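Undergrad: Pasting in a structure now, in structure tokens, and then I'll have a few things to ask.
The values are calculated or read from the model by the stated rules, or taken from the named source; none is laboratory data. All values derive from a computational prediction rather than experimental measurement. Neighbour counts run over all protein chains shown; Cβ positions are idealised from the backbone, glycine included. Calculation scope for accessible area: heavy atoms of the full protein, side chains included, ligands and nucleic acids excluded. Shrake-Rupley method; radii C 1.70, N 1.55, O 1.52, S 1.80 Å.
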Amino acid sequence: MSILKNGALWEDQDKNPIHAHGGCMLLHDGWYYWYGEDRREQFYVSCYRSKDLKNWEFRNHILTAGSKMEGCRVRTTLCLKNEEGGKVNLERPKVLYNKETKKFVLWAHYENGKDYREAAAALASCESPDGDFIYHGHFNPYGYMSRDCTLFQDDDGTAYFISASRDNADLHVYRLADDYMNVEALVHRLWQGEYREAPAVVKAGGVYYMLTSFCTGWAPNQGKYAFADSMQGRWSRLFPIGDETTYESQPAFILKKDGRLLYFGDRWGGGGEKYFTSGYTVYPLEAENKQLILRRTEEAAL
Ligand code: GAL
């Protein structure tokens with residue numbers, strides 16, 4: 001196994017590039033499943049798995065332009081191709097396991113592949129972590145715009161969908177229904193007018209932390225974090241973390257492993273063809289007394 005360099009596009013066990021950008025990880029039955037954007041060919045979201053976070057096995061293109069589509073109780077638009085037959089965009093896919101329904105539920109940011117005006121949330125589900133997900137369409141929660149997003153599952157199973165709204169000016173926090181298949185309340189409109197993107201949430205030492213980026217397209221910027229005593233409680237104002245480029249990364253998600261906090265970020269190559277050179281960063285994150293500290297390392301801190 002070669003050393004995983006921060007900023008590089010890593011390879012799976014078959015020496016193929018791992019395309020799981022803007023993603024998330026889920027620990028299930030002893031495996032870490034890594035889901036993320038895969039913009040190659042007709043793919044949208046791909047899934048890899050690993051026991052040690054270093055050796056990755058490609059599992060499946062879980063959402064593609066040809067995925068099975070099926071409505072759900074939310075009125076959505078079911079389309080995985082735009083009017084011209086081109087690809088749409090499914091960005092920042094996040095997956096949670098719902099213990100009650102035994103389903104893996106995916107939320108993502110949907111755009112029409114031409115511009116960023118749809119600003120919608122997309123929903124999909126599957127009975128296995130790496131099977132072919134069924135696409136349930138996209139919608140605007142309570143009519144709001146919904147762009148960069150994440151999911152967070154609290155200790156009691158309550159889940160939240162967090163997404164940038166009002167042209168990214170405000171960050172909305174929605175509590176999800178118990179089966180994770182709809183939003184059931186808009187519980188916060190955080191940091192209005194402060195333009196936060198790329199949210200990632202973690203609970204450590206009884207404190208909830210949210211990390212976000214500023215809004216500068218593919219270019220990295222100063223990360224900031226905030227804390228709260230509960231997801232629905234009062235969130236602090238934002239404090240800077242890392243340096244003015246968040247060590248050349250934008251947050252994707254935070255993973256807790258063996259008592260450590262791992263910050264996963266994307267080092268985007270840029271738009272167009274450059275997107276495909278986008279790499280990954282894993283930096284160690286420390287949480288203490290409502291403070292988050294991110295450290296830069298050359299190698300992925302796995
Ligand atoms: C970023 C966002 C990415 C992608 C990009 C497109 O701000 O976090 O997920 O949407 O803009 O320019």
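Undergrad: Can you tell me, using C-alpha contacts under 8 Å and at least 6 residues apart, the relative contact order of the range 195-302 as a whole percent?
TA: Once divided by the residue count of the range 195-302, the mean separation gives 20 percent.
Undergrad: Need the full-extension length gain, Lys274 to Glu70, defined as separation in residues times 0.36 nm minus the C-alpha distance. One decimal, nm.
TA: Computed gain between Lys274 and Glu70 is 70.1 nm.
Undergrad: For the chain, which whole percent of the accessible surface, found with a 1.4 angstrom probe, sits on carbon and sulfur atoms?
TA: On the chain, the fraction of accessible area on carbon and sulfur atoms equals 45 percent.
Undergrad: So what are the three principal axis dimensions of the range 122-275 from its Cα atoms, in whole Å, longest to shortest?
TA: Sorted from largest, the Cα extents of the range 122-275 read 41, 39, 36 Å.
Undergrad: Relative contact order of the chain, please, whole-number percent, based on alpha carbon pairs below 8 angstrom and at least 6 residues apart.
TA: Over the chain, the number comes to 14 percent.
Undergrad: Positive end of the charge dipole of the chain (Lys, Arg +1 and Asp, Glu -1 on Cβ, about the Cα centre): tell me which of Ala252, Leu190, Asn221 has its Cα farthest that way.
TA: Going by the charge dipole, the pick is Leu190.
Undergrad: Using 0.36 nm per residue, how much length does the chain from Gln232 to Glu298 gain when fully extended, once their Cα-Cα distance is taken away?
TA: Difference between extended and current length: 20.1 nm.
Undergrad: Using every pair of alpha-carbon atoms in the range 6-163, split the distances into 5 Å bins beginning at 0 and state the percent of pairs per bin, rounded to integers.
TA: Here the calculated profile for the range 6-163 is 2, 9, 18, 23, 21, 15, 8, 3, 0.
Undergrad: Give the Rg (one decimal place) followed by the Dmax (whole number) of the chain, computed from C-alpha coordinates and expressed in Å.
TA: 17.6, 52
Undergrad: Let me ask something else about it. For the range 149-203, what ratio Rg/Rh do Cα atoms give with a Kirkwood hydrodynamic radius?
TA: 0.98
Undergrad: Further question: Using DSSP to call loops (not H, G, I, E or B), can you name the chymotrypsin sites (Phe, Trp or Tyr not before Pro) in the range 208-259 whose Cβ has at most 16 other Cβ atoms within 10 angstrom?
TA: Trp218
Undergrad: In whole angstrom, how far apart do the alpha carbon centroids of the range 1-75 and the range 234-285 sit?
TA: About 17 Å separates the Cα centre of the range 1-75 from the one of the range 234-285.
Undergrad: Based on the Cα coordinates of the range 85-147, what is the per residue volume of their convex hull in Å³?
TA: Here the figure is 93 Å³ per residue.
Undergrad: Something else about it: May I ask you to work out the translational diffusion coefficient for the range 50-126 at 4 °C, viscosity 1.567 mPa s, via Stokes-Einstein with Rh from the Kirkwood sum over Cα pairs, reported in whole µm²/s?
TA: 91 µm²/s
Undergrad: Also, quick follow-up: Give me the accessible area per residue for the range 26-125, probe 1.4 Å, as a whole number in Å².
TA: Normalised by residue count, the accessible surface of the range 26-125 is 44 Å².
Undergrad: Only loop residues by DSSP count here, and only those with at most 13 other Cβ atoms within 10 Å; note down the trypsin sites (Lys or Arg not before Pro) in the range 149-247 that meet that.
TA: Arg234, Arg237
Undergrad: Multiply the residue separation of Arg260 and Leu9 by 0.36 nm, subtract the distance between their alpha-carbon atoms, and state the gained length in nm to one decimal.
TA: Between Arg260 and Leu9, full extension yields an extra 88.0 nm.
Undergrad: Give me the 1.4 Å probe accessible area per residue for the range 160-246, excluding ligands and nucleic acids, in Å².
TA: Heavy-atom accessible area per residue stands at 38 Å².
Undergrad: Where does the range 11-80 land on Rg(C-alpha)/(2.2 N^0.38 Å)?
TA: Taking N as the residue count of the range 11-80, the ratio is 1.24.
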